[in-house]
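What follows is a set of notes on a single structure, which appears directly below.
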Amino acid sequence: MTPIISIRGLTKTYASGFEALKHIDLEIRRGEIFALLGPNGAGKTTLIGAVCGIVRPSGGSIHADGHDIARDYRLARTKIGLVPQELSTDAFETVWATVSFSRGLFGKPRDPAFVEKLLRQLSLWDKKDAKIMTLSGGMKRRVMIAKALSHEPTILFLDEPTAGVDVELRRDMWEMVRGLRASGVTIILTTHYIEEAEEMADRIGVISRGRILLVEDKAALMAKLGKKQLTLHLQAPLAQLPAAFAGEPLELSADGNALTYTFDAQSEATGIGALLRRLNEQGIDFKSLQSSESSLEDIFVSLVREQS
C-alpha cells in the first residue's frame, strides 16, 4: 500500500547553523496511529512543521496523500489537519462560528450537516453556541481538533494532544482519537506521556537530535527491545554476589536483600531453571519472587541515552 506520508532525505538547518533535522526518511501508513517520541529539542515540532508547510525544509522531499508539499502546496495542505500544542482559539467566537470559519479558510463550501456531525463526534454539540472563552481547557482542546478536521483532511497531526489534561479526560481523548482513526483519518501524534503511545499507537518512531533512531510496530518494538526481569527476595541478605555468578545477568540490590535476573522473554531457554538450581547449590534461599517487563518508557530512555 502506498504510504499516505512519504519523507525522503529531509533536512532543516536554521540561519544560526543549527541542524534541526538530519536526513529524515519516514513513511506513515494510511489509516494508522503513529506516535513520534523524542526528548525536548529532538526535532519533533520541526518535522511536523515541515510536513504541514509551516517550516521550509533545507533539503529533501515530502509527499502528503500523493501531493508534493512544495510543488502542490495547496492540494497537499487540504489533506492535512494540525492541532498544535498551544491552545489558540478565537475567545469571543462561538464554537459553531469558529469551526465553520476554519472550514471556509480552505475553500470548502458551507455544510452545516457536516459541522453538526463533527461537533457531535467530538462531544461538542451541546456547546455549539458557547463562546470559546467560557470553555474548559479540555473542551478548548476538542474545539482545536474540530477546527483541524473542519476541511475534511485525511491526515491529522496532534502535537501533545493531552498536555495539561487530567487523567480521566485524557482517556476520553484516547477514545476520541481511536474513533477518528476508525473513520479513516490517519493520526500522527507527539506525546510526552509514554503510556499514551503504549496505549494508542500502531507504530512508534523515536527521534533524537534531528535523527530518526527507529520506526517499529509497537508490538515488535516491545518484543525486540523489551526485557523481562525476575526479582528474588532473599531469606538472608548477601554481602556480595557470589563469584560463581560472575558474568551472569544477575544483580544484587544495594541492601543485599534481592537478586534481579534479566532475561530474554522471547528465547526458548530463559535460564531461570538453571539459575534456581545454582542458587540452591550455593545455599541461597529466597522467600518470594516477582517478574516484571520493561515498559515502552524504559525502551525509550535507553535508546535516547545510547545516542547522548
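The values are calculated or read from the model by the stated rules, or taken from the named source; none is laboratory data. If you're wondering where the values come from, they're calculated on a predicted model, not measured in any experiment. Counting neighbours? That spans all protein chains shown, and the Cβs are built from the backbone with ideal geometry, glycine included.
Among residues that are farther than 30 Å from residue 211 by Cβ and either modelled with pLDDT of 85 or more or not in a helix (DSSP H, G or I) (or both), residue 270 is included.
Restricting attention to the stretch 63-109, the residues that are buried (at least 20 other Cβ atoms within 10 Å of the Cβ), touching a Gly at 6+ places or on another chain (Cβ under 9 Å) and free of Cβ contacts under 8 Å to residues at least 60 places away in the same chain total 2.
Per-residue answers, yes or no, for (1) modelled with pLDDT under 85; (2) buried (at least 20 other Cβ atoms within 10 Å of the Cβ):
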position	(1), (2)
126	no, no
143	no, yes
147	no, yes
153	no, yes
158	no, yes
162	yes, yes
178	no, no
212	no, yes
215	no, no
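Residues that are touching a residue at least 60 places away in the same chain (Cβ under 8 Å) and of a type in the set (Gly, Ala, Ser) were ranked within the stretch 1-40; the one that is nearest to residue 218 (Cα to Cα) is 35. With respect to the conditions (1) among the small types (Gly, Ala, Ser); (2) touching a residue at least 40 places away in the same chain (Cβ under 8 Å); (3) not in a strand (DSSP E or B), residue 219 falls short on a single one, namely (2). Being at pLDDT 85 or above and surrounded by 12 or more Cβ atoms within 10 Å (Cβ to Cβ) holds for only one residue in 286, 300, and it is 286. Scanning the stretch 24-58 for residues that are surrounded by fewer than 15 Cβ atoms within 10 Å (Cβ to Cβ) and on the phi > 0 side of the Ramachandran plot yields a single hit, 41.
Would you confirm, using the coordinates I've provided, whether residue 22 is over 22 Å from residue 148 (Cα atoms) and in contact with a helix residue (DSSP H, G or I) (Cβ under 8 Å, 6 or more places away or on another chain)? Step through it out loud before you land on a result.
Values: over 22 Å from residue 148 (Cα atoms): yes; in contact with a helix residue (DSSP H, G or I) (Cβ under 8 Å, 6 or more places away or on another chain): no.
When the stated conditions are applied, residue 22 does not pass them.
Scanning the stretch 236-285 for residues that are among the polar types (S, T, N, Q) and under 30 Å from residue 220 (Cβ atoms) gives 260, 262, 266, 267, 270.
Within the stretch 1-53, the set of residues being assigned to a loop (DSSP other than H, G, I, E, B) and touching a strand residue (DSSP E or B) at 6+ places or on another chain (Cβ under 7 Å) comprises 3, 4, 14, 30, 31, 32, 38, 39, 42, 43, 52.
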